[in-house]
1. About the Cα centre of the chain, how large is the charge dipole given +1 on each Lys and Arg Cβ and -1 on each Asp and Glu Cβ? Please answer in debye to the nearest 20.
2. Under the Karplus relation 6.51 cos²θ - 1.76 cosθ + 1.60, θ = phi - 60°, what is the ordered set of whole-Hz ³J(HN,Hα) values for region 43-53, x standing for Gly and Pro?
3. Could you look at the chain and say what percent of its accessible area is carbon and sulfur, using a 1.4 Å probe and all protein chains?
4. Taking the Cα of LYS50, stepping 7 Å toward and past its beta carbon, and measuring to each backbone N in region 1-38: which are under 18 Å?
5. For LYS7, which aspartates and glutamates qualify as cross-link partners when the Cα separation must be under 12 Å and same-chain residues fewer than eight apart are set aside?
6. Any idea of the accessible area per residue across the chain, 1.4 Å probe, to the nearest Å²?
7. Under 8 Å for C-alpha pairs, at least 6 residues apart: give me the relative contact order for the chain, rounded to a whole percent.
8. Considering the values (1) 1.60; (2) 0.99; (3) 0.93, which represents Cα Rg over 2.2 N^0.38 Å as calculated for the structure under consideration?
Amino acid sequence: MTAMVPKVQGFVGAKVDGKTCTLSGLLGVGHLAGESGVASWVKEPRVRAKFAKTTEAFNLANGIF
């Protein structure tokens, strides 16, 4: 997770489905999608729909920190 922070940090504050992304939420996405999958998950609604478990991980972890 420590190695992933610099790669996902740029998406903190982005709006995804009306929610503001926090670092914890993005790390939850990265846990399932890998650091390379975070960008497409944030930018593409169809990716979020296709990978429902990843979106669920975001919803559970977002806002923890």
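1. Working: 8 positive and 4 negative charges, 33 e Å.
Charge dipole, the chain, about its Cα centre: 160 debye, nearest 20.
2. Result, rounded to whole Hz: 7, 10, x, 5, 5, 4, 5, 5, 10, 4, 5.
3. Details: 2320 of 3870 Å².
About 60 percent, which is the carbon plus sulfur part of the accessible surface.
4. 17, 29-38
5. Filter leaves GLU35.
6. Working: 3870 Å² over 65 residues.
The answer is 60 Å² per residue.
7. On the way: 83 pairs, mean separation 24.1, N = 65.
The value is 37 percent.
8. (3)
The values are calculated or read from the model by the stated rules, or taken from the named source; none is laboratory data. As the structure is a prediction and not an experimental result, all values here were calculated from the model. Note: ideal-geometry Cβ built from the backbone for every residue, glycine included; neighbour counts use all protein chains shown. SASA here: full protein model, heavy atoms, side chains in, ligands and nucleic acids out. Shrake-Rupley method; radii C 1.70, N 1.55, O 1.52, S 1.80 Å.
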